[in-house]
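For reference, the structure is listed below as structure tokens.
The values are calculated or read from the model by the stated rules, or taken from the named source; none is laboratory data. In this text, all values refer to a predicted model and were calculated from it rather than measured experimentally. Every residue, glycine as well, gets a Cβ built from its backbone with ideal geometry; the counts of neighbours run over all protein chains shown.
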Amino acid sequence: MDQIKTLWKSAESYYDSSSTNQVTEFADSVTNEFNPDTMSGVSRRKFLALVSAGTAFAATACTNYRDKKEIVEYVNKPDSANTGLPNYYASTCTECPLACGIVIKTREGRPIKIDGNELHPINLGKTCVRGQGTILNLYDPIRLKKPSRGSKMLTEDWKTIDEELIALFKKATSDKKEIAILHNTIFSPSQKAAFNVFIAAYPTAKLYCYENFCDDSKREAFALSYSDKQSCCSSASSIPFKLNQAKVILSLESDFLGNEGHFVRNIKQFSETRDVNKLDKFSRLYVAEAGMSLTGMNSDYRLRLTPEKQLDFLLTIISAIAAKHVSKFELPLDFASKLNNYNIKKFADENGIKAQTIDYLVDDLIKNTGSSCVISGNKLPKEVHIAANLINEMIEAQNLCDCEYCQTNYCDCASDKDLTDMLGRAKAGQVAAIINFDSNPVYQLPQEFGYSEASSKTTVITLSEFNNETSSVSHFVLPINHNLESWGDANTNCSVFSLQQPVIAPLYDTRQKEAVLLIWASGKADYNDKVYLNLIKDYWQKEVFPKSGSAADFDTFWYSCLHDGVVEIKSTKCDTLKFNFDALKALDKKYEKKDFTLLINDNPFFGTGKFVGNGWLQELPHPVTKLTWDNCAMIAPATAKELGVEMGDFIEVSSGNNKLKIPAFHQPGMAEKTIAIDLGYGRKNVGEIGSEVGFDVSPFISSNGISKYIYSGVTVVKGSGHYKLATTQEHHSLDEKFVKDLHLKRGIVREGTVEEYKTTPNFLKEKFEEGNPVSIHSQVSYTGMKWAMALDMNKCVGCALCVQSCNVENNIPVVGKDQVANGREMHWMRVDRYYSGTTEEPIVSQQPINCSHCDNAPCENVCPVVATSHSPDGLNQMVYNRCVGTRYCANNCPTKVRRYNFFDFREHFAQGYYTQDSLSLLHNPEVTVRSRSVMEKCTFCIQRIMEGKQEALKAGKDFKGSDVKTACQVACPAEAISFGDVNDPESDVAKIRKHDLSYSLLDELYIKSNVHYIARLRNTNSEKNSER
Amino acid sequence: MSVDVLHEPSVIEGRPTFHEINEHITKPTEVRPDRKYMIALAITSSLLALGATCMIITHWYGIGMWGNNNPVGWAFDIVNFVFWIGIGHAGTLISAILFLFRQKWRTGIARFAEGMTIFAVMTAGIFPLMHVGRPWLDGWLFPYPNQNKLWVNFTSPLLWDVFAVSTYFTVSAIFWYMGLVPDFASMRDRATVKFKKVIYSIFSLGWRHSNRHWQHYEMMYLILAGFATPLVLSVHTIVSFDFAVSILPGWHTTIFPPYFVAGAVFSGFAMVQNVLIFVRKIFNFEHIITLDTLEKMNKIMLATGMMVGYAYGMEFFIAWYSGSPMEMFVFVNRAFGNYAWAYWIMVSCNVIFPQFFWSRKIRRTIPLMFIIGVFVNVGMWFERFVIIVSSLSRDFLPSSWAYYTPTFYDIGILLGSFGLFFTLVLLFIKTLPVVSIAEVKAVIHGSQPTHKGGNH
């Protein structure tokens, strides 16, 4: 390096060579001084590894993934619980007196899904929305967890309370004071036996059964019409019709497809007669009603008729049938002579109904004698039921009677007088205790009965799952097991016995309600949860086993029943019933329509209010109004106009001393000057979800009406104020010209008549002839499996069961009223409802819609981050983790089926209700719980597809499309949904696509939808739709 | 009356000397802000704070704080985005296109318009970033190699937006800065405070007003102008693709690209005109930003306003001509449906009011042109609202229709966007020369050799 200085700038640099010239910027090469040993021992490779590991650690430390939870494996694994594999248990749903057979799916020991039990002969593999939703009740954090004392709910242990109460009952027995047990309908023979045991132990005990909404008048009329009952029907209260064999059905104010009778079975049977491939069996449904019901929406002919005129209507029909002298059934002369006053023309003119429609009806009833029937609604007074029974005799509807499955009756309902007498005695201090056995009399009984006053004069013991109006006036509140934690049995239809078994140990310190009674009856406070099971077994051994004719021993029989959940005991065929003409005397009654008529409806989802705390059901759109989180007064738009009442404006309804301020809802198809209000709302003390939701119409129930549920002479005036109603569908006025009938003009809903289809099978394709769109892109061909769905609009009645089943299966969050009002409900499936025609006589079309999984999905190409893409088997998939939430896909979705998590709805809804511990058990572990700002939509139940694929692989079979059933498909009682591999020519979906009546939505966009519809056929006479 | 067509009137009134120009233009940056300025800043920064608060709350709880609902997935968020991007168009148009066309009158307003472009694009840029529900994942919108081998979707117009807007912002910012360099040098030379001197020195990049510097500068400015010119057209074209590429009736329209560009220039000019009216008054720039200049801007607004009006009419014609019932419905619904009020606000503000500019008197009357300018901006905001919200709220299936109502947060964020924009404008006024000193010097009387004579 020693160079001769050749250049220097200053003296300094000349002399101080070391600091300037000697320092060269870069070393020329590696010199001898370079010694690798002096370097750090860390190799470059190692260094890079450390850096990357360090970065990764730092990154990990920064991550705080909020949904992170630990998974802990079993310490002692129960034999039957295999992680990741579901178990299925057959049981019985005891949430309502229909007692459907159910199959409960459990994962890791916790129930996550309920579907109908296919072996059950009554509900035929289907169950209702309540049955589907009861899982939420099981995990509801507001369930009562410990027994308590007094209105302050001081926690107490069971033993102390048991001892105290046993002493109380013993004293009551010795004092000869009554012990009143209030209960709802009994449909379980073992439960009845348990009551008997209790009554035997304490002879002063008395059982009162009552229902807030029941078919009392129908039963009474049945008893009057057929007073000399025989054989198995001796205990029958009424006999259901075999609707699958009916050709003509006349429904009178009866929502038999919505909530009356065994509506799940009814839907199933009715839809069997709506098969486009069996046109000769196609039924015709006439509905005469004042309120708009689901049944009315599905009718072929709908007559608007106020309930006061129902009796006249039936007598007109009776007179018309009698006048034709075709019936073998002879009417008594004095009655026949009275009928002369009735004729169709006069009746039609008076009530603004087309006489032709009634003519058609009478013709149809006569022509189809033996395969037609009249169904009268539970709301109607007994006289109408008697008249309906008479017509049924005349048209030989007994052919359709399902005698094998006539309804049982374990306990006659207590009359109003029984109850008021008992409460009177209680007020006088003569009743030692009132036991509310899973009943809620403060809410359910009319206020005038004075239950609340009586409760201060006696000891009130309430057995309940939840707090309710009664628990707040009770001295003891005892928590009971949920349906899914309980043993039980049921016998609702004479030859069907079903068993209920617990599928999860009680989550809290709760007890089986019957066992509580039995312990009290034993006189010793030693609880044993087997005590009721033993009683059931006992009953089955003594009563059911001998009748079953089973060759095996009882244990085998018992376990097979437990496995199947149900056993059917074939009884001897019952004799025909003989009509009792004395009953006709009641038909002299006349009803006058005065002022407004009030109809009190049974809510299709909540029943009489037990389920108001269930968010799923609150948010399920009402099948008619599409209203959520409220009830309303349905009122005809014309009447509302007269009153000057807009949608959501308050009206004041008053009858006698009762007044109710409730928002009005313009409902097309309502009879004029009639309002209909759903029962079961306006509950108090039922937790955050259900309290103060809607308006309570139950105080109106009294004995002054035409029946318990129909009141004439009600005053309705415009009230002050406006109320926000949250519907899932915007309400368009039918008068607004340019939006009118858009669903028909756009071919979204395509309909025709049976006539049209018979004469020109491909009329639909002719009517909606479309050019063949072509694409400038090359189209992906799906050669392997390709998933597709088909929906039969003839079968679908719009019951919303598919929506509910989807909610449960796919962990759909409840969003609350404010969010629904803003159009943010998260349901992946929805049932659209459209009106055409006039507001007075609307024609209703319904259409369930889920993601179409279009081949050319418009959502896919607009996502900037490829968060939604197509699978090789034709599914439009959503990658939640990749979604950044631009909402562009939803904007570009022509059917608007995409749902956006505007909030973390689990946190947002009801102050984090969903984030409470017990509710995390609710979710289906196979389906991701979506976080905030993520788009979601129907996946065609991809978890079920994957499960089917796995099963097929495991079994070494070919995987077929029919191996997979989606949640909505399984739940649909009408069997309107088919799902499968459209590339398999044998599959239902492939066949339906080729059907003349099949169409898919918005073909003109060339989206190539994979959900096809079979157009609905209306079974009208030859006149056109518009002329109905 | 004889008019000398060859005689070009001077764009700068009077005969200021170079020194006077320097003095005059740099004055606002050299005196302490007065009370009025502070009040103005307090108002705009309060609005900004309101917007920021609403944005933070939205970020914390989710998009649900806004009024967006199921059919109406985009509303104020994207309306604001398109509106602000539109505002940004005037700047580049003035600085690039008018520069290439040798329109000398642009010199007085170019700097300011360019600044507004930058601020408007900054304001606009917030919306696409924040409208996604999970803004912490915005990085995924950029194509970068990653271990998950996840790539962006090049068929999505939203992705094109990302490129278009970021390119536009970058080029506009460079263009603006380039133009500022000689002025930075002038400011540096004038600065007496050390702190200011250092800052201006850094930004002036060692500019010494040398001949070579000027040569390079002019060439670079020309190249950048050429580069920015297509961007003026491309950015709003691509923004319009967000709608035109979708299948929604009312969005799926081929007229959108030219219509959006015309609309953007329209609103951009209105905004520049509005702000400049204040600036020239407050800082006594009347002779630099002359009434003639304002009149020319009004003429451009009249022209672009009619283009927009033509597009409105043409949309209706095409909807009818297409024979598609969905298209027809959407346009009838716009005019007479649930959002008819918004539609008629749009039509009256954008088509009817600008017609007053046919009158020379109105074109030259400051209060009237200001009012019309405000109307144009309101109208153009509503144009985006009508396109986005009314089309979404009533689409294919009547069952899923719903009405959109903005919430407090929507309005707060809208106000906040104005707060951000005007705060930036106010800061700009006090720190940088709002008129290009160098360029103005080039267009005053006698600065250029001329053969026409007679004027000096």
Check your understanding: Taking region A:987-1015 as the search range and keeping residues that are small (Gly, Ala, Ser) and in a loop (DSSP other than H, G, I, E, B), which one is nearest to the other protein chains (Cβ to nearest Cβ)?
Key -> A:SER1009
Check your understanding: Tell me, which strands (runs of 3 or more DSSP E) lie completely within region A:607-669 with 2 or more residues that are β-branched (Val, Ile, Thr) and more than 22 Å from the chain's Cα centre (by Cα)?
Key -> A:649-655
Point to revise | When residues of region B:241-268 are limited to those that are assigned to a helix (DSSP H, G or I) and in contact with a Pro (Cβ under 6 Å, 6 or more places away or on another chain), the one nearest to the other protein chains (Cβ to nearest Cβ) | key: B:ASP242
Practice item. Would you point out the residue of region A:851-866, among those that are within 9 Å of chain B (Cβ to nearest Cβ) and part of a loop (DSSP other than H, G, I, E, B), that is surrounded by the most Cβ atoms within 10 Å (Cβ to Cβ)? Key: A:CYS863
Review point. With respect to the numbered conditions (1) in contact (Cβ under 8 Å) with a residue 40 or more places away in the chain; (2) under 30 Å from A:ARG1016 (Cβ atoms); (3) in contact with a Pro (Cβ under 9 Å, 6 or more places away or on another chain), which one is the sole condition not fulfilled by A:TYR757?
Key: (3)
Check your understanding: If you go through region B:125-134 one residue at a time, do you hit one that is free of Cβ contacts under 8 Å to residues at least 60 places away in the same chain, away from chain A (no Cβ under 14 Å) and over 28 Å from B:SER246 (Cα atoms)?
Key -> no
Review point. Taking A:VAL982, is it under 27 Å from the mean Cα position of the chain (by Cα), crowded, with 20+ Cβ neighbours inside 10 Å and away from every other protein chain (no Cβ under 14 Å)?
Key: no
Study note, to complete from the structure: Going through region A:752-764 in order, the residues found to be part of a loop (DSSP other than H, G, I, E, B) and of a type in the set (Val, Ile, Thr) are A:THR760
Review point. Of all residues in region B:319-376, which are touching a residue at least 60 places away in the same chain (Cβ under 8 Å), under 28 Å from B:TRP401 (Cβ atoms) and β-branched (Val, Ile, Thr)?
Key: B:VAL330
Practice item. Output the residues belonging to region A:818-842 that are within 14 Å of chain B (Cβ to nearest Cβ) and in contact with a strand residue (DSSP E or B) (Cβ under 7 Å, 6 or more places away or on another chain). Key: A:VAL820, A:ALA821, A:MET826, A:TRP828, A:MET829, A:ARG830, A:VAL831, A:ASP832, A:ARG833, A:TYR834, A:TYR835, A:SER836
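Conditions tested, residue by residue: (1) away from chain B (no Cβ under 14 Å); (2) buried (at least 20 other Cβ atoms within 10 Å of the Cβ); (3) not in a helix (DSSP H, G or I).
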{"site": "A:VAL749", "(1), (2), (3)": "no, yes, yes"}
{"site": "A:GLU766", "(1), (2), (3)": "yes, no, no"}
{"site": "A:PRO773", "(1), (2), (3)": "no, no, yes"}
{"site": "A:SER781", "(1), (2), (3)": "yes, no, yes"}
Revision key, fill the gap. Picked from region B:72-104 (must be at pLDDT 90 or above and in a loop (DSSP other than H, G, I, E, B)), the residue nearest to the other protein chains (Cβ to nearest Cβ) is B:GLY73
Exercise for review: Considering only residues that are surrounded by fewer than 20 Cβ atoms within 10 Å (Cβ to Cβ) and without any contact (Cβ under 8 Å) to a residue 40 or more places away in the chain, look in region A:313-329 and name the one that is nearest to A:MET394 (Cα to Cα).
Suggested key: A:HIS325
Review point. Taking region B:135-153 on its own, how many of its residues are in a loop (DSSP other than H, G, I, E, B), at the interface with chain A (Cβ under 9 Å from one of its Cβ atoms) and at pLDDT 85 or above?
Key: 3
Exercise for review: Determine whether region A:129-148 contains at least one residue that is at pLDDT 85 or above, assigned to a strand (DSSP E or B) and on the phi < 0 side of the Ramachandran plot.
Suggested key: yes
Exercise for review: Could you please find all residues in region A:867-886 being surrounded by 18 or more Cβ atoms within 10 Å (Cβ to Cβ), within 11 Å of chain B (Cβ to nearest Cβ) and touching a helix residue (DSSP H, G or I) at 6+ places or on another chain (Cβ under 8 Å)?
Suggested key: A:ALA867, A:THR868, A:VAL884, A:GLY885, A:THR886
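Report yes if B:ILE429 is in a helix (DSSP H, G or I) and modelled with pLDDT under 90, otherwise no.
Taking the combined requirement at face value, the residue satisfies it.
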Check your understanding: Taking the condition within 23 Å of the chain's Cα centre (by Cα) and at pLDDT below 90, does B:ILE411 pass?
Key -> no
Check your understanding: Which one of these does A:GLY823 not meet: (1) assigned to a loop (DSSP other than H, G, I, E, B); (2) in contact with a Gly (Cβ under 9 Å, 6 or more places away or on another chain); (3) closer than 18 Å to A:HIS622 by Cα?
Key -> (2)
Exercise for review: Scan B:ILE12, B:ILE21, B:ILE109 and give me the residue that is more than 30 Å from A:THR727 (Cβ to Cβ), touching a residue at least 12 places away in the same chain (Cβ under 8 Å) and not in a helix (DSSP H, G or I).
Suggested key: B:ILE12
Practice item. Could you tell me whether region B:436-452 includes any residue that is modelled with pLDDT of 90 or more, of a type outside the set (Lys, Arg) and either outside any helix (DSSP H, G or I) or in contact with a strand residue (DSSP E or B) (Cβ under 9 Å, 6 or more places away or on another chain) (or both)? Key: no
Practice item. Working only within region A:894-921, note down all residues that are within 24 Å of A:VAL831 (Cβ to Cβ) and either more than 9 Å from chain B (Cβ to nearest Cβ) or of a type in the set (Phe, Trp, Tyr) (or both). Key: A:TYR900, A:PHE902, A:PHE905, A:PHE909
Exercise for review: Out of A:ASN807, A:ASN811, report the one residue that is within 21 Å of A:PHE903 (Cα to Cα), of a type outside the set (Val, Ile, Thr), surrounded by 24 or more Cβ atoms within 10 Å (Cβ to Cβ) and away from every other protein chain (no Cβ under 14 Å).
Suggested key: A:ASN807
Point to revise | region A:47-76, subset over 19 Å from A:ASN881 (Cβ atoms) and among the polar types (S, T, N, Q), residue modelled with the highest pLDDT | key: A:SER52
**Study point:** Residue match in region B:393-400 (condition: among the aliphatic types (A, V, I, L, M) and more than 11 Å from chain A (Cβ to nearest Cβ))
**Key:** no
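Report whether or not A:ILE366 is of a type in the set (A, V, I, L, M) and either closer than 30 Å to A:ALA205 by Cβ or in contact with a Leu (Cβ under 7 Å, 6 or more places away or on another chain) (or both).
no
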Point to revise | Hits in region B:62-71 - residues which are in a helix (DSSP H, G or I) and surrounded by fewer than 24 Cβ atoms within 10 Å (Cβ to Cβ) | key: B:MET65
Exercise for review: Keeping to region B:47-59, report how many residues are within 19 Å of A:THR886 (Cβ to Cβ) and within 14 Å of chain A (Cβ to nearest Cβ).
Suggested key: 2
